[in-house]
Amino acid sequence: MGELFTFFGLVSHSKEFIYTTHMLLAAGIAIILAKMAMSNLKLVPTGTQNVMEAYISGVLKMGTDTMGKDEARRYLPLVATIGLFVGIANLIGVVPGFEAPTAFLEFAFTLALAVFVYYNFEGIRRNGVIKYFKHFLGPVWWLYWLMFPIEIVSHFSRLVSLSFRLFGNVKGDDMFLMVILMLAPWILPMIPFALLTFMAFLQAFIFMMLTYVYLTGAVVMEDH
């Protein structure tokens, strides 16, 4: 099976070029949408402002259910930006002639690494080094020697979980779309396109939800 056809691939077949151009395209679309939503703010939102406000409200509700309203508001800019970026990056791959940058492991791993570094940084900043790492020891003192390395491995495994879940699902969707277009190139396969669009939103939702969950575990901890 050959490579996916992309319009940017007509300029260069380099993997790095295709990945970078599609990533910049996703970032550009996200910035344009944000600018459009804020360009003419109204008390009664319409158009892009209405869509973006609904999106922000949904993300805030998600965070509120996970870590409480005050904490959810604190991390709303980060999570909402990640969700918008990932969602657009996923949707690009649904359009024939473009490839989702999330179908490249480099993209997914970089995002996962950013979330990993940030939630650990926030955990240390909010709770202090000793209290944060003491949380890794578990509630039973005589199991400290066992729980600490398990917790360390568990946290690093989140890098693999976040990155490979996003990369694997989107890459699989791209390959599925390529097969569908090879089998029915002149007939618009509406059902597969609808399914892939749903999956694009779903993967963005999962990434946002896990980011909130990891932040919750890092900053909202109880004393054992």
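Looking at the range 76-124, which of its residues are open to solvent by 30 Å² or more (accessible area, probe 1.4 Å) and in contact with a strand residue (DSSP E or B) (Cβ under 7 Å, 6 or more places away or on another chain)?
Phe98
Taking the range 149-170 as the region of interest, how many residues are exposed (fewer than 12 other Cβ atoms within 10 Å of the Cβ), over 22 Å from Val220 (Cβ atoms) and under 20 Å from the mean Cα position of the chain (by Cα)?
Here the count works out to 1.
Does Ala37 count as open to solvent by less than 30 Å² (accessible area, probe 1.4 Å), outside the structural domain of Gly123 (by the TED database), closer than 20 Å to Leu202 by Cα and assigned to a helix (DSSP H, G or I)?
No: the conditions fail for Ala37.
Tell me which helices (runs of 4 or more DSSP H) are completely within the range 62-139 and hold 2 or more residues being in contact (Cβ under 8 Å) with a residue 12 or more places away in the chain and under 11 Å from the mean Cα position of the chain (by Cα), or say none if there are none.
69-92, 105-127
Would you mention how many residues in the range 41-61 are more than 19 Å from Leu166 (Cα to Cα), open to solvent by less than 80 Å² (accessible area, probe 1.4 Å) and in a helix (DSSP H, G or I)?
So the count comes out to 11.
Quick check: is even one residue across the range 146-156 in contact (Cβ under 8 Å) with a residue 60 or more places away in the chain and not charged (D, E, K, R)? Walk me through it before giving the result.
Applying the first criterion (in contact (Cβ under 8 Å) with a residue 60 or more places away in the chain) to the range 146-156 yields none.
No; the residues of the range 146-156 include none that is in contact (Cβ under 8 Å) with a residue 60 or more places away in the chain and not charged (D, E, K, R).
Which one of these is open to solvent by less than 40 Å² (accessible area, probe 1.4 Å) and not in a loop (DSSP other than H, G, I, E, B): Leu177, Leu146?
Result of the check over Leu177, Leu146: Leu177.
Considering the range 8-64 alone, what residues qualify as being within 27 Å of Tyr75 (Cβ to Cβ) and of a type in the set (Ser, Thr, Tyr)?
Listed by number, the residues that qualify are Ser39, Thr48, Tyr55, Ser57, Thr64.
Filtering the range 16-32 down to residues that are farther than 25 Å from Met52 by Cβ and touching a residue at least 40 places away in the same chain (Cβ under 8 Å), which residue is surrounded by the most Cβ atoms within 10 Å (Cβ to Cβ)?
Ile18
Out of curiosity, is Phe205 modelled with pLDDT of 90 or more, assigned to a helix (DSSP H, G or I), closer than 30 Å to Gly97 by Cβ and open to solvent by 60 Å² or more (accessible area, probe 1.4 Å)?
Taking the combined requirement at face value, the residue satisfies it.
The values are calculated or read from the model by the stated rules, or taken from the named source; none is laboratory data. Because the structure is a prediction, the values reported are computed rather than measured. FYI the Cβ positions are ideal-geometry reconstructions off the backbone, even for glycines, and counts take in every protein chain you see. Quick note on the areas: whole protein, heavy atoms, side chains included, nothing else; ligands and nucleic acids left out. Shrake-Rupley method; radii C 1.70, N 1.55, O 1.52, S 1.80 Å.
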